[in-house]
Amino acid sequence: DSGVTQTPKHLITATGQRVTLRCSPRSGDLSVYWYQQSLDQGLQFLIQYYNGEERAKGNILERFSAQQFPDLHSELNLSSLELGDSALYFCASSVGDFGTSGGNEQFFGPGTRLTVL
Amino acid sequence: LAKTTQPISMDSYEGQEVNITCSHNNIATNDYITWYQQFPSQGPRFIIQGYKTKVTNEVASLFIPADRKSSTLSLPRVSLSDTAVYYCLVGGKAAGNKLTFGGGTRVLVKP
């Protein structure tokens with residue numbers, strides 16, 4: 001158990017819909033990262049927040065957005081869903097900002113499996 | 001943006017040493033190299049990280065040559081439970097930083 005929690009575990013929805021994935025980082029961790037893992041794409045970095053501020057962006061689609069709240073939990077919003085958005089979505093957290101001491105060891109949650117029908 | 005390349009798969013036997021090399025020719029000055037292990041349907045788990053030369057912990061060693069354009073993860077005396085996918089991650093605290101995972105190497109340890 002990494003200490004990172006993600007809800008829900010599974011989500012089945014239809015094309016065109018909007019969903020929200022939630023992540024609670026480990027106690028004391030200030031950074032939250034979101035990743036997408038699909039069969040043909042491997043692990044794709046989406047976005048990182050550090051203490052409420054957006055820190056880095058990967059190949060995150062404009063239909064996707066995220067935020068980190070004052071209590072440090074984070075939400076990933078996916079809208080206008082397409083079949084190709086079906087994937088495992090992982091959240092990870094680290095003590096510090098990436099690239100700094102304590103920032104490079106990320107602890108991953110169990111993931112949310114999204115199925116778009 | 002540092003692109004990483006890893007072998008798709010490797011087979012080994014129990015008790016052997018496994019070495020996985022990740023190429024990252026465009027690594028930036030501030031980038032760190034981190035390796036993760038992932039079992040099916042689980043989130044990746046941190047193994048080791050380094051910036052240059054050699055780093056060793058209780059489960060693995062990481063070798064980084066002087067030019068830092070590649071790195072090698074070494075798993076000593078593997079067991080069946082080391083069968084997993086291993087990813088290298090390159091990234092750092094640079095403006096517009098993007099964390100780039102390699103495609104992953106599927107390691108199969110045979111009895």
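Worth pointing out:
- Ordered by the count of other Cβ atoms within 10 Å of each Cβ, fewest first, A:112, A:20 give A:20, A:112.
- Whole-number D in µm² s⁻¹ for the protein assembly as shown, Kirkwood Cα-pair radius fed into Stokes-Einstein, 20 °C, 1.002 mPa s: 120
- Fewest-first sequence of B:72, B:53 by Cβ atoms within 10 Å of each Cβ: B:53, B:72
- Listed residues B:27, B:49, A:58: farthest to the positive end of the dipole of the protein assembly as shown (Cβ charges): B:27
- Förster-model FRET efficiency, 35 Å R0, residue B:52 and residue A:9, C-beta, rounded to 0.05: 0.30
- Tail beyond 15 Å, pair distance distribution of segment A:1-83 (Cα, percent): 60
- Among the listed pairs B:52/B:110; B:3/B:52; A:57/B:3, those beyond 26 Å (Cα-Cα): B:52/B:110
- Using alpha carbons only: equivalent-ellipsoid semi-axes of segment B:1-41, gyration tensor based, whole Å: 25, 12, 10
- Relative packing of peptides A:4-11, B:27-34 - highest average C-beta neighbours within 10 Å first: B:27-34, A:4-11
- Within chain A: Cβ-based charge dipole about Cα centre, in debye rounded to nearest 20 (Lys, Arg +1; Asp, Glu -1): 240
- Inter-part distance where segment A:1-50 and segment B:54-86 are each reduced to a Cα centre, Å: 27
- Residue A:67/residue B:3 FRET efficiency (R0 45 Å; Cβ-Cβ; nearest 0.05): 0.95
- Cα extents for segment B:25-111 along the principal axes, largest to smallest and rounded to whole angstrom: 44, 27, 20.
- Bridging of residue B:69 to aspartates and glutamates at a Cα separation below 12 Å is possible for B:31, once same-chain residues fewer than 8 apart are set aside.
Bear in mind that the values in this text are calculations on the coordinates, not laboratory data. A quick note: this is a predicted structure, and the numbers were derived from the prediction, not measured. No Cβ is skipped: glycine too gets one built from the backbone with ideal geometry, and neighbour counts run over all protein chains shown.
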